[in-house]
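Chemist: Once you've had a glance at the structure underneath, I'll fire off some questions.
The values are calculated or read from the model by the stated rules, or taken from the named source; none is laboratory data. Only a predicted model underlies this, so the values are computations on that prediction, with no experimental measurement involved. Calculation scope for accessible area: heavy atoms of the full protein, side chains included, ligands and nucleic acids excluded. Shrake-Rupley method; radii C 1.70, N 1.55, O 1.52, S 1.80 Å.
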Amino acid sequence: MAKTGTTTQGLRAAIERSGYYPALVAEAVEAAVGGEPVASYLVHQETTFDSNEVRRHVTVLVLTNTRFIVSHTDEQAADTSSPTPYATTSTESVKLDRISSVVVSRVVANPEKYVPGTLPREVVLTIGWGAVSRIDLEPAACGDPNCEADHGYTGNTTADDLSLRVSEAGDGPDTVRQTLAFAQSLSEATATVAATGR
């Protein structure tokens, strides 16, 4: 389930509609947003199955004129650190000029019959701002098949701070549409910042 829009009141209503600890989630997000007007937002709830337990997770993405805010809330079962179930909420505020990439991966069925405007069956939104990077390394080699020298390692670094996957089958077509709309708003905002230097 995802909700998107452009007002602070709409953001609060979307968090409440998600039904996932709305008072806790809303307080954390509103504290991070502060007094800035909300330009766009996306609220996405997902349920995962971990062994014998069902876990819920909500991600709230908020775009203001100057920042991108991401909030995650997870519920945890009672464990050695807490005798009762508990939830953890985190927020991160990123200046728009720090966003280095907005990647939208679309999966479409029957690409030979694709009609522009048709919703993809799955969307993965990946946003990078340099907080988390993934390094993939492998042994380097040269073109000589008989060479036994150590050529060190080669690889690449990928910014992978946030990755959000939605699908038409699992989340519904509105969620796919809303994710694409938020991604477009974020891309446009980062392009404006890059062009104006603000």
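Chemist: Over all directions, what mean area does the Cα convex hull of the chain project, stated in square nanometres?
Modeler: With the hull built on Cα positions only, its mean projection is 17.4 nm².
Chemist: Got the relative contact order for the chain handy, in percent, Cα pairs under 8 Å and 6 or more residues apart?
Modeler: Reported as a whole number, the value is 18 percent.
Chemist: While we're here: Most mobile of Leu11, Leu96, Leu164 per a Gaussian network model of the chain (Cα springs, under 10 Å)?
Modeler: Between Leu11, Leu96, Leu164, it is Leu164 that shows the largest mean-square fluctuation.
Chemist: How much accessible surface area, in Å² rounded to 10, belongs to the heavy atoms of Arg12 with a 1.4 Å probe?
Modeler: Ignoring ligands and nucleic acids, Arg12 comes out at about 90 Å².
Chemist: Per-residue accessible area for Ser185 at 1.4 Å probe radius, Å² rounded to 10?
Modeler: Result for Ser185: roughly 40 Å² accessible.
Chemist: Please compute the length gained on full extension between Ala169 and Glu138, using 0.36 nm multiplied by the number of residues separating them and subtracting their Cα-Cα distance.
Modeler: Taking Ala169 through Glu138 to full extension adds about 7.5 nm, to one decimal.
Chemist: A further question on this structure: Among the helices of the chain (complete DSSP H runs), which have Cα atoms covering no less than 27 Å along the helix axis and a Kyte-Doolittle mean of at least 0.0?
Modeler: 173-196
Chemist: Can I ask one more? For Glu27, Glu168, Glu122, give the ranking by accessible area with the largest first, probe 1.4 Å.
Modeler: The residues order as Glu27, Glu168, Glu122, largest area first.
Chemist: Residue by residue through the range 117-123, what is 3J(HN,Hα) from phi via Karplus (6.51 cos²θ - 1.76 cosθ + 1.60, θ = phi - 60°)? Round to whole Hz and write x for glycine and proline.
Modeler: With coefficients 6.51, -1.76 and 1.60, one gets x, 6, 5, x, 7, 8, 9 Hz.
Chemist: Starting from 0.36 nm per residue, how many nanometres of slack lie between Tyr86 and Glu16 once their C-alpha separation is accounted for?
Modeler: Extending this stretch completely gives an extra 23.3 nm.
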